[in-house]
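Read-outs: derived from the displayed coordinates by stated rules, not from any lab. Treat the numbers as computed from the prediction; the structure is a model and nothing was measured. Cβ: placed from backbone, ideal geometry, glycine included. Neighbour counts: every protein chain shown.
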Amino acid sequence: MGGTMLRARMGQLLLDAGSITSAQLEEALARQRETRCPLGQILCEQGAISEELLLKFLGQQYGLATVSPLPSVVDPQLAVCVPRAWAEQHVAVPLSRVGQRLTVALVDPANVHALDEVRFRTGLRVVPVVALESDVRQRIQALYQGQEPHQPDGASPPVGRDADVVQADGDGSWAADVSSRETHMSPRETNRVDETLQSEEMTTLLERVSSSLRYARSETGDETLAEDASPVAQLVQTILQRAAHMGVSDVHLEPYERVVQVRFRLDGTLHPMMTYSVSLRNAVISRLKILANLDIAEHRLPQDGRLTLELTDKRTLDVRISVLPSLHGEKAVLRLLNRAGQMVELPALGLDVTDTSILLAALERPHGMLLVTGPTGSGKTTTLYSALQVLNTKDVNIVTVEDPVEYHFTGITQVQVKEEIGLGFAQVLRAFLRQDPDIMMVGEIRDLETAQIAVRAALTGHRVLSTLHTYDAVRAVTRLLEMGVEPFMVASSVSIIVAQRLVRRVCPECQQPADSLSGAQVRELGFTGDMVPTVVQVRGRGCAACHGTGYKGRVGLFEVLPVSAAFRSLILERGTGDRLKQQALADGLKTIRRSGLDAITRGLTTIEEVMSVSTED
């Protein structure tokens, strides 16, 4: 409605300026109500105004720059940013790209939906300018020279509100995540992440889903198909199977006004994979709810559940699902629990020889607490599971309380937290103490009650493993004190603290030397002067093995803090975080940043990855 009002106001401005007559305006408005074409276009077709005059008024009305004529130089790379079908449908064309800024020339600046679509699909900042229709159409022909013109009734899927699928690259299709694409990669020698769900098979499947839903709605008025053989079920199965095959940790199904975007989290980074029509949104969500035994009639409240997926290679995949109502419908996030991926031997975590020996020595003690800290997604649970593998022998009783239980151990009693029935961490821990345990693992210390029970257990002869959400190892101590745990209990119970982060590992298949850094740049990162000559940066060029990202897998960065006598004394004195950090460094603590610098020199990761998870010491 806002666009119509603006166009009507433009007509009044033209009338006030004496450029058109009242009769011409009334005739144009009447025709606009019939054809829904832009008012300016109708006035030009009637001969009431020239294109040049229309361009001038559009620029003034919308406060946009005008370009006439358009630059004669055409950059063919711009054809990757938006598809020809979109350009022809909206009479708009990209003019230039500088960094994350994409300049788009269009005839109708009131078409905000078109600009929003470009921003959404490409992730770029779009700068609109107004141009003559004749210039824009000539530019489209020049930019997409060699591509077939868009045929609305042809095989290419339509781009717009009713599109069922938008694919990556090619005529009538979108380039997913253009902002992160590496221009030196050749499509023939890489297998980009966003190509995984872009295939004729997927296009055909989406067409079948759309057809089946139209039939189901016409027959029953219901768009949910529960049968395992239905196209909707096959679509869900295909997305999850390909995610599992790639080693994806999370799948996001994100609804927007016109489309639903599918994104995969691979090695900690989200990658746009595909989009499908919003008309399929409810059917896909309903199918997931059926698999997870959730209430398909509830659309107003969040829901959480679990499902098991049968993979084609005779494996099963545990999936945790969270459904959240949003502005444009329900969003689903699926966590793929790869049991094989959780089982990592302690030496393979990424710890160096010294830190590994320190951690193993702490695990061998008959009592005391091991704390693993770091933000969500930093691999804390994997580290705890690795420690449990070391401790899991026939002569000990190990019990764990987790939320959720992500891996099932043989020989270990595991309890799932169920807050809705009053079964929280503290309640389970109290029960554990009556189960004659030797070792207890607490998935997370969230409150004072849980912290006090865990600390008392460590003081009374038990080995306790748990996690905290703190930035570094030292802050784990201050967090316990802030919770209300007495200093003497913290000093006496905590034996070792491990802080960690995960960074993406450079793909070994396509690793190559990167641009060298100056001595000043290397020193700014934290390297000492004698280390400057040894720093050789590597990068992944992008290949099929890493799906064109240049990274494959992740590696941990650790700081391991054994609690020394001097450190305990500071805890008893309620020393500040800065004093505790100084003492830890004096005791030989290797920080996250230092661990990251070592990983760079070993060619495991890049400077950007290390800087994204750590700060200067």
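What to note about this one:
- Our Cα-only numbers for segment 403-497 put the radius of gyration and Dmax at 13.3, 37 Å.
- Maximal additional length on extending the Ser22-Leu391 stretch stands at 124.0 nm, based on 0.36 nm per residue less the C-alpha distance.
- Model label sites at Leu585 and Arg208, defined 7 Å from Cα along the beta-carbon direction, differ in position by 6.2 nm.
- Simple label model, 7 Å out from Cα along Cβ direction - Asp403 to Arg31, nm: 6.6
- Loop-located trypsin sites (Lys or Arg not before Pro) in segment 415-448 whose Cβ has at most 13 other Cβ within 10 Å (DSSP): Arg434
- Cα gyration tensor shape for segment 246-341, rounded if a/c is under 1.5, else prolate or oblate: oblate
- Listed cross-link partners Lys331/Lys590; Lys289/Lys394; Lys380/Lys581 are compared with a 31 Å cut-off, the Cα-Cα value being larger for Lys331/Lys590; Lys289/Lys394.
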